[in-house]
1. Sort 61-68, 4-11 by packing, meaning the average of other beta carbons within 10 Å per residue, with the highest value first.
2. Return the carbon/sulfur percentage of the accessible area of the chain, one whole number, probe 1.4 Å, all protein chains in place.
3. Quickly estimate the mean residue ellipticity at 222 nm for the chain, helices only: each DSSP H run with n ≥ 4 gives -39500 (n - 2.57), and the total goes over all residues, rounded to 500.
4. Can you tell me how much longer the chain between Thr35 and Arg70 gets when fully stretched, taken as 0.36 nm per residue apart minus their C-alpha distance, in nm with one decimal?
5. Give me the net charge of Pro36's neighbourhood, meaning all other residues with Cβ under 11 Å from the Cβ of Pro36; Lys, Arg count +1, Asp, Glu -1.
6. When the chain is fully extended, how far beyond the present Cα-Cα distance does Glu110 get from Thr9, taking 0.36 nm per residue of separation?
Amino acid sequence: MIPKSHRLTRSEVDSLFAPQSPLEKSTSTRQILHTPSFFIVAEHREIFKAGVAIPKKILRRAVDRNALRRSIFDALQEVGFLSLPYLMLVSVKKGTSLLTKKEALTELSELYTKLHRSK
């Protein structure tokens, strides 16, 4: 699990989804990346912070959502996202039930390379 200081607050999540003015859109560092199981909204900042969103429609039981959230946070740490200066929200797509840690690692490593190249 990543430290609490590296997790997104509610206001930071809101800022990731706040509408931008046309002037900000041209200079924006916000990216949206997709894999079969995830989509990530990332914005270039000076430090790394991450959050994981799993809707109730995907996993009904809180125990299952929390277990998946923990495995995604662990995968983020293993892949090396802590070294990237991004605020990011990892959201699980519909159709994804229980995802193993190994599957999460492979998909997040793909996203890491995409983000690292665009840095």
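The values are calculated or read from the model by the stated rules, or taken from the named source; none is laboratory data. Since the model is a prediction, treat every value here as computed from it, not as a measurement. Counting neighbours? That spans all protein chains shown, and the Cβs are built from the backbone with ideal geometry, glycine included. The accessibility values were calculated without ligands, DNA or RNA, using every heavy atom of the protein model including side chains. Shrake-Rupley method; radii C 1.70, N 1.55, O 1.52, S 1.80 Å.
1. My ranking of the peptides, most packed first, is 61-68, 4-11.
2. Carbon and sulfur atoms account for 56 percent of the accessible area of the chain.
3. The helix-only estimate for the chain comes to -13000 deg cm²/dmol at 222 nm.
4. Answer, rounded to one decimal: 10.7 nm.
5. Around Pro36, the surrounding residues sum to -2.
6. That works out to 33.8 nm of additional length.
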